[in-house]
Amino acid sequence: MDICKVHENSSKCSGNTMPMECFMVLSTQAQKISIATLCCLFGTLCILENSLVLYLIFSSPTIRKKPSYLFISSLALADILASIIFVSSFVNFHVFNNTDSSKEMFLLKLGGVNTSFTASLSSLLLTALDRYICISRPSEYKSLVTRKRAWVALGVLWVTCVTISSLPLLGWNCCTLNSACSELFPFVDDKYLSSWIFLVMVLLASIVCAYAHVLWKAHQHVAYMGKHQVQGGKQNARMRMDVMLAKTLVMVLTVLMVCWSPVLVLMIYGIFVRLSNQLRRVFAFCSTLCLLNSMVNPIIYALRSKELYSSLRMVFSQFKRQLRATEDSPEAESTHKSSVIETVCEETCVT
């Protein structure tokens, strides 16, 4: 029997005979309004924030030359794509209950969502590795992390993400293989979903390990400073920077775990146990946490950067000057000059 046709025509929500309507788990108008509100709010803020980050990076000749900011640019681009594709397809399916698209179109949209979220996590991993190299081998950082190597790494990242996410559309789906289908996503093969979950968990574990090492190095540095009671402006400044670094990394790991753990736990649970409509409804709401992660990424990784923050202040200053039609202020020029001063490796990589 053709499972694709069964998915479209069956009237029962059981096993491989679940039609598209069975995946529309939002049963009340209040639930649909809540999902639509969350998606539109997170999605809009995510697009605005990440677009601002891309503008600040590529409008500055100094900033866009640094490999660290190329990784942040990739993260911002992935999060913008995630917002656009996820919100449009998710709201269209769950809120407006639109099933007019074919199996191929649905898998194409799902592939776009998977590509963007996987690329976002992969960009986070590159950022984590960049900071790991920076703090573990500071004297060799500039020779190891070059602009050319950064572009190559990003090229491999995006090609890999697109390839992996396209596999269901290319044939690895339960319709083509006549295999067990996921109860969370139409047409998706359970084995493919298991593989994708494993990939995401590897990415998250690698990010955690890299940042745990950076956090440990920061802790050692602060302990050394305290033990030897190092004095002086430069040493105290570095000590304050390490404390801020530790707080930042704790925030990074907390946000990652809070946003991704509920979705991954329900995905894994759904592979082994049949999910009730209530749990699938919970999964739909938890999916918006991944979008929330994309929304807060610019705040954690980009806008906390001193260079980008200074560039942002310059943009606002220029905007105010245009509105007032006045000459440039001395304070703005001073801010711009201080923003392009070269800093130490740790401050450049993690701010």
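The values are calculated or read from the model by the stated rules, or taken from the named source; none is laboratory data. Just so it is clear, the model here is predicted, and its values are computed rather than measured. Neighbour counts run over all protein chains shown; Cβ positions are idealised from the backbone, glycine included. We work out accessible area using only protein heavy atoms, side chains counted, and drop any ligands, DNA or RNA first. Shrake-Rupley method; radii C 1.70, N 1.55, O 1.52, S 1.80 Å.
A few remarks follow.
- Treating r as the C-beta distance of Phe319 and Trp151 and R0 as 51 Å, the FRET efficiency rounds to 0.95.
- Part-to-part distance (alpha-carbon centres) for region 44-61 and region 280-321, which is given in Å: 9 Å
- Projected area, mean over directions - region 54-116, Cα convex hull, nm²: 5.1 nm²
- Segments 283-290, 315-322 sorted - mean Cβ within 10 Å per residue, highest first: 283-290, 315-322
- FRET efficiency for Tyr309 and Leu129, using Cβ-Cβ distance with R0 set to 30 Å, rounded to 0.05: 0.80
- Members of Lys191/Lys247; Lys65/Lys217; Lys142/Lys247; Lys65/Lys109 lying beyond 30 Å, as alpha-carbon distances in this model show: Lys191/Lys247; Lys65/Lys109
- Solvent-accessible area, 1.4 Å probe, carbon plus sulfur percent, for region 73-193: 67 percent
- Near the amide H of Val188, within less than 5 Å, lie the amide hydrogens of Cys174, Ser182, all on another chain or at least 5 residues away, with H placed in the peptide plane.
- Label-to-label distance for Ala212 and Met251 is 2.3 nm, based on points extended 7 Å past Cα in the beta-carbon direction.
- Anisotropy class of region 111-152 from Cα gyration tensor, a/c 1.5 cut: oblate
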